[in-house]
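The structure appears below as structure tokens.
The values are calculated or read from the model by the stated rules, or taken from the named source; none is laboratory data. Not measured: the values here are computed from a predicted model. Cβ coordinates were reconstructed from backbone atoms using ideal geometry, including for glycine residues, and neighbour counts include every protein chain displayed. Quick note on the areas: whole protein, heavy atoms, side chains included, nothing else; ligands and nucleic acids left out. Shrake-Rupley method; radii C 1.70, N 1.55, O 1.52, S 1.80 Å.
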Amino acid sequence: GRPMVVAIDGPSGSGKSTISRRVAAELGLAYLDTGAMYRAATWWCRRREVDLTDPAAVAVAVRAMPLQMVTDPDAPRVVCDGVDITDEIRGADITAAVSVVATNLDVRAELARRQRAEIAAETHPGEGRSEGRGIIAEGRDITTVVAPDATVRLLLIADERARLARRARELHGADDDATLEATRDLVVRRDADDSTVSAFMTAADGVVTVDSSLLTLEETVAAVLDVVRAAV
Ligand code: C5P
């Protein structure tokens, strides 16, 4: 049949990147982290010394961004202007600035266009770079805007406590009360900023919700695999 497209949305700290990579590797699919593209756009604006408070200038810069996404789920990389920025864009200053860039509607249109091109490249044998192995794309608006016609559409959620604990462990290697509090502002504020663009906390029609609050990583991977396999 047609190569499958799996669309996964969710808030920060829902574990969607880790889960999506694992499921993609398991199913032999390509993996596209669309959040990394918004982070790359932020990095690129910084590098070009574009004023982030000037929406028109940001849009012009992002349209000219030379971005390459390496979609191997075992080693996904982000390369911008020949620089491998995979690790750098996870840093605190990009994370703090990314919502401003992501709420720019011209930036969203441009990146959605590039995301659809990545999906097409992985699903049209011969035309794209692959044999048409199919792809998992994850982000905030994949099920609704970028790929509403995906084979499988999933919303990965987790309650605030679980998401805070994951981010705290990721950032500080601990999830005691003080560390949770230090992380809260970061997570809750970014969710609030992001939710002005797309409603990623509630599932759109036809989107299956998986709640990972009480599940281990392995259990969540298994639950997502069940949903995907049931759909094909
Ligand atoms: O998933 P991650 O935390 O790396 O995403 C970084 C930022 O990119 C989010 O905070 C959000 O502002 C933006 N984003 C988006 N739409 C997507 C994916 C990410 O606006 N599809």
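Okay, here's what the table says:
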item: Search result, residues across region 60-69 that are surrounded by 19 or more Cβ atoms within 10 Å (Cβ to Cβ) and either more than 19 Å from the chain's Cα centre (by Cα) or over 24 Å from GLY134 (Cα atoms) (or both); result: ALA61, VAL62, MET65
item: Any hit, region 154-165, residues being small (Gly, Ala, Ser), modelled with pLDDT of 95 or more, within 17 Å of the chain's Cα centre (by Cα) and open to solvent by less than 30 Å² (accessible area, probe 1.4 Å); result: no
item: Sole residue being closer than 22 Å to VAL6 by Cβ, at pLDDT 95 or above and surrounded by fewer than 17 Cβ atoms within 10 Å (Cβ to Cβ), chosen from ASP205, ASP149; result: ASP149
item: Unique residue being within 28 Å of ASP205 (Cβ to Cβ), within 16 Å of the ligand (Cβ to nearest atom) and among the small types (Gly, Ala, Ser) when the list is ALA147, ALA59; result: ALA147
item: Extreme residue, nearest to the ligand (Cβ to nearest atom), among residues of region 17-39 that are in contact with a Gly (Cβ under 6 Å, 6 or more places away or on another chain) and either open to solvent by 20 Å² or more (accessible area, probe 1.4 Å) or under 14 Å from ASP74 (Cβ atoms) (or both); result: GLY35
item: Selection count, region 7-27, where residues are under 10 Å from the mean Cα position of the chain (by Cα) and assigned to a helix (DSSP H, G or I); result: 3
item: Subset of region 184-232 [within 16 Å of the ligand (Cβ to nearest atom), in a loop (DSSP other than H, G, I, E, B) and closer than 17 Å to ASP159 by Cβ]; result: SER195, PHE200, MET201, THR202, ALA203, SER212
item: Total residues in region 70-82, condition farther than 21 Å from SER20 by Cα and loosely packed, with under 14 Cβ neighbours inside 10 Å; result: 1
item: Those residues of region 166-192 which are under 18 Å from the mean Cα position of the chain (by Cα) and among the β-branched types (Val, Ile, Thr), in sequence order; result: VAL187, VAL188
item: Test: ALA96 is surrounded by 22 or more Cβ atoms within 10 Å (Cβ to Cβ) and more than 19 Å from VAL228 (Cβ to Cβ); result: no
item: Flag for LEU156 being more than 19 Å from ARG77 (Cα to Cα), aliphatic (A, V, I, L, M) and either free of Cβ contacts under 8 Å to residues at least 60 places away in the same chain or not in a loop (DSSP other than H, G, I, E, B) (or both); result: yes
item: Residue check, MET4 over 14 Å from the mean Cα position of the chain (by Cα), over 27 Å from ARG229 (Cα atoms) and surrounded by 15 or more Cβ atoms within 10 Å (Cβ to Cβ); result: no
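Table: residues versus (1) in contact with a Gly (Cβ under 9 Å, 6 or more places away or on another chain); (2) within 15 Å of the ligand (Cβ to nearest atom); (3) under 14 Å from ARG39 (Cα atoms).
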position	(1), (2), (3)
ASP72	no, no, no
VAL78	no, yes, yes
THR86	no, yes, yes
ALA92	no, yes, yes
ASP106	no, yes, no
ARG114	no, yes, no
GLY132	yes, no, no
ALA137	no, yes, no
